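Take a look at the structure set out below.
The values are calculated or read from the model by the stated rules, or taken from the named source; none is laboratory data. These numbers come from a predicted model, not from an experiment. Every residue, glycine among them, receives a Cβ derived from its backbone with ideal geometry; neighbour counts consider all protein chains shown.
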Amino acid sequence: MTLVKKNTDNFFPSFFDNFFSRDWMDWNTTNFSTTNTTLPAVNVKEDKNEFTIEVAAPGMDKKDFNINLDNNQLTISSERKSEIENKGDKYTRKEFSYCSFQRSFQLPSDVVDGDKIKANYSDGILVIHLPKKEEAKPKPARIIKIS
């Protein structure tokens with residue numbers, strides 16, 4: 001193995017390295033922000049009884065999430081701050097981080113039963129269950145007899 005020192009004093013090479021190494025196809029998750037705000041990956045599934053939203057948010061706690069339903073708009077947001085301070089003999093090192101996101105989904109008012117929405121967080125995945133109203137569930141076909 002060989003160690004190579006990288007010169008970081010020159011502005012232009014680091015600017016171009018940063019520009020060309022950036023994944024420009026990742027625009028939907030970077031949120032065009034220089035802070036640590038991202039849009040987590042989301043899966044939306046539907047079966048005959050409910051919609052399910054899965055949000056990939058590893059490293060969070062369930063207390064970090066806020067889920068609101070207002071006028072059939074479901075908003076999932078999170079904000080997490082952490083701060084660690086280590087003091088040594090002649091220095092102070094302070095490390096902190098901040099990350100946040102917000103995703104909103106417009107729910108069909110005639111399909112989702114807003115009073116029965118439930119959520120759980122396990123293994124880095126936030127799962128929100130959106131049960132369908134009884135009248136929105138598919139009904140089996142029936143044969144109509146002609147009299």
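Give me the residue from the range 72-94 that is among the hydrophobic types (A, V, I, L, M, F, W, C) and at pLDDT 90 or above and, out of that set, nearest to LYS48 (Cα to Cα). Quick ask: steps written out before the conclusion?
Residues of the range 72-94 that are among the hydrophobic types (A, V, I, L, M, F, W, C), as a first pass: 74, 76, 84.
Within this subset, residues satisfying the condition of being at pLDDT 90 or above are 74, 76.
Numbers: LEU74: 20, ILE76: 24 Å.
Taking the candidates together, the pick is LEU74.
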Could you figure out which of (1) under 14 Å from PRO40 (Cβ atoms); (2) touching a residue at least 40 places away in the same chain (Cβ under 8 Å) isn't true of GLN102?
-> (2)
List, please: which pairs have Cβ atoms under 9 Å, are six or more places apart or on different chains, and start with a residue in the range 29-53 that is at pLDDT below 90 and end with one that is surrounded by fewer than 11 Cβ atoms within 10 Å (Cβ to Cβ) and acidic (Asp, Glu)?
-> THR30/ASP23
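For the range 117-127, give me the residue count where each residue is under 12 Å from GLU50 (Cα atoms) and surrounded by 12 or more Cβ atoms within 10 Å (Cβ to Cβ). Walk me through how you get there before you give the answer.
Filtering the range 117-127 down to residues under 12 Å from GLU50 (Cα atoms) leaves 117-118.
Checking the rest, the ones that are also surrounded by 12 or more Cβ atoms within 10 Å (Cβ to Cβ) come to 117.
The qualifying residues number 1.
Residue-by-condition table, conditions (1) modelled with pLDDT under 85; (2) exposed (fewer than 11 other Cβ atoms within 10 Å of the Cβ):
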position	(1), (2)
MET60	no, no
LEU69	no, no
PHE96	yes, yes
ASP115	no, yes
